[in-house]
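The values are calculated or read from the model by the stated rules, or taken from the named source; none is laboratory data. Just so you know, these numbers come straight off a predicted model, no measurement behind them. Virtual Cβ from ideal backbone geometry, glycine too; neighbours counted across all protein chains shown. Note: areas computed on protein heavy atoms with side chains; ligands, DNA, RNA excluded. Shrake-Rupley method; radii C 1.70, N 1.55, O 1.52, S 1.80 Å.
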There are 2 protein chains.
Amino acid sequence: MKKKVLSACIALALGAGAGYTTIVLAQAKPDVLVKQRQAVMTLQGKYFGQLAAVAQGKAPYDAAAVQRSAGFLDNLSRMFWDGFDPSTKDIKSRALPAIWENKAKFDENAARMENETSKLASLAAGRDEAAIKAQIQAVGKVCGACHQEFRAK
Amino acid sequence: MKKKVLSACIALALGAGAGYTTIVLAQAKPDVLVKQRQAVMTLQGKYFGQLAAVAQGKAPYDAAAVQRSAGFLDNLSRMFWDGFDPSTKDIKSRALPAIWENKAKFDENAARMENETSKLASLAAGRDEAAIKAQIQAVGKVCGACHQEFRAK
C-alpha cells in the first residue's frame with residue numbers, strides 16, 4: 001500500500017485529524033510525556049484499586065476478575081518509565097526532582113515494580129487466594145516506597 | 001494478615017491517603033469513569049501512534065518495539081469499555097449520546113476493536129512485516145469507524 005494512502009487512512013481512522021497527528025509525531029514533547037505517564041497512574045489506580053479492595057475483603061474474590069486486573073496492572077507497570085524523561089523536569093506534576101537526582105534508585109524501584117506485578121500476574125493465573133492477596137500487598141508496598149521518595153504529597 | 005493492618009499498608013503504599021482511597025472506593029463515580037477511559041485513549045494514542053509511524057514508514061520497523069506496543073495496545077483495547085457507563089452521559093467529554101442510543105452497535109465496535117488488536121498482537125509476535133503493517137492499518141480503521149459515529153469532532 002502506498003504511503004500516502006495509508007497515511008490518509010490512518011488520519012481518517014484516528015478521526016481526529018491534526019490533534020491526534022500532533023501526538024503521534026510529537027510524542028516526545030515533555031507535556032505529552034507527562035500526560036501519558038499520568039494516564040498510566042490513573043489506570044494503575046483503577047486496577048490496583050480493584051485488587052486492593054479484594055485484598056482488604058471489601059470486594060469478593062473473583063478469580064477471573066483478579067486475573068484480568070493483575071494482567072492489566074502488569075502491562076501498565078511497563079508503560080510509563082519512558083515518561084520520566086529529564087525533558088519533563090519543568091512540567092508541573094507531582095514528580096519530585098529526586099527522580100533525576102537519584103535516577104539509579106528510581107530505576108531500581110521501576111525494576112522492583114515490574115517484578116512484583118509480574119509475580120502477581122503469575123500468581124493470579126493460579127487459584128491460591130492467600131498468596132494472591134499477599135502479593136497484592138507486595139505490589140502496594142513497592143508503589144508506596146516509590147511515591148514516598150519520588151512523589152510530592 | 002489482619003484487614004486493618006493490610007488496609008493501613010495499602011493506604012501507606014499508595015502514598016496518597018484520602019485522594020487515592022477515594023478513587024479506590026468510588027471508582028464507579030461517573031467523573032472517575034470518564035477520567036479512566038480518557039486515560040486509556042491517551043495511551044492508545046501513545047502506542048498506536050508509535051505503530052502508525054512504523055506503518056507509515058516514518059519510524060523504522062523494530063520488531064521488538066512493535067511487539068511491545070502491539071501487546072500494550074491489545075491490553076488497552078480491553079480496558080475502557082466499562083467506562084462507557086450510562087451514568088457518565090452528563091459528564092462533559094467527546095462521547096456522543098449515540099453511544100447509549102445505539103449501544104448494540106457501539107458494543108459491536110468494541111468487539112471489533114478487541115479482535116483487531118488481538119490479531120495485531122499475534123502477528124507482531126511473528127516477523128511478517130507487511131502483514132503487521134497491514135494489520136496496524138486495520139486497527140486504525142476500527143478506531144476511526146467508532147470515532148466517526150460515536151465521538152464529537
task = Check A:Arg94, A:Arg112, A:Arg68 and return the single one that is touching a strand residue (DSSP E or B) at 6+ places or on another chain (Cβ under 8 Å), open to solvent by 70 Å² or more (accessible area, probe 1.4 Å) and within 18 Å of A:Gln44 (Cα to Cα).
result = A:Arg94
remark   = Going through (1) more than 15 Å from the chain's Cα centre (by Cα); (2) closer than 25 Å to A:Tyr47 by Cα one by one, B:Gly126 fails only at (2)
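Examine region A:67-88 for a residue that is over 27 Å from A:Leu33 (Cα atoms) and within 19 Å of the chain's Cα centre (by Cα), and state whether such a residue exists. Spell out the reasoning first.
So the first thing to find is which residues in region A:67-88 are over 27 Å from A:Leu33 (Cα atoms), and the list is A:67.
Cutting the leftovers down to within 19 Å of the chain's Cα centre (by Cα) gives us A:67.
Within region A:67-88, one or more residues are over 27 Å from A:Leu33 (Cα atoms) and within 19 Å of the chain's Cα centre (by Cα).
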query = Do the conditions hold for B:Gln38, that is, is it open to solvent by 20 Å² or more (accessible area, probe 1.4 Å) and within 15 Å of the chain's Cα centre (by Cα)?
reply = yes
request  = Go over the candidates B:Ala131, B:Ala104, B:Ala125 one by one and state the one that is without any contact (Cβ under 8 Å) to a residue 12 or more places away in the chain, open to solvent by 50 Å² or more (accessible area, probe 1.4 Å) and among the hydrophobic types (A, V, I, L, M, F, W, C).
outcome  = B:Ala104
ask   = Mind checking which residues of region B:71-87 are of a type in the set (Ser, Thr, Tyr) and either in contact with a strand residue (DSSP E or B) (Cβ under 7 Å, 6 or more places away or on another chain) or over 24 Å from B:Val54 (Cα atoms) (or both)?
value = B:Ser87
note = Apart from one, (1) in a helix (DSSP H, G or I); (2) open to solvent by 30 Å² or more (accessible area, probe 1.4 Å) all hold for A:Val54; the odd one out is (2)
message = Among the residues of region A:74-91, what is the count of those that are at the interface with chain B (Cβ under 10 Å from one of its Cβ atoms) and either open to solvent by less than 10 Å² (accessible area, probe 1.4 Å) or assigned to a loop (DSSP other than H, G, I, E, B) (or both)?
response = 5
remark   = Selection over region A:139-153 where residues are more than 13 Å from A:Asp74 (Cβ to Cβ), in a helix (DSSP H, G or I) and open to solvent by less than 60 Å² (accessible area, probe 1.4 Å) yields a count of 7
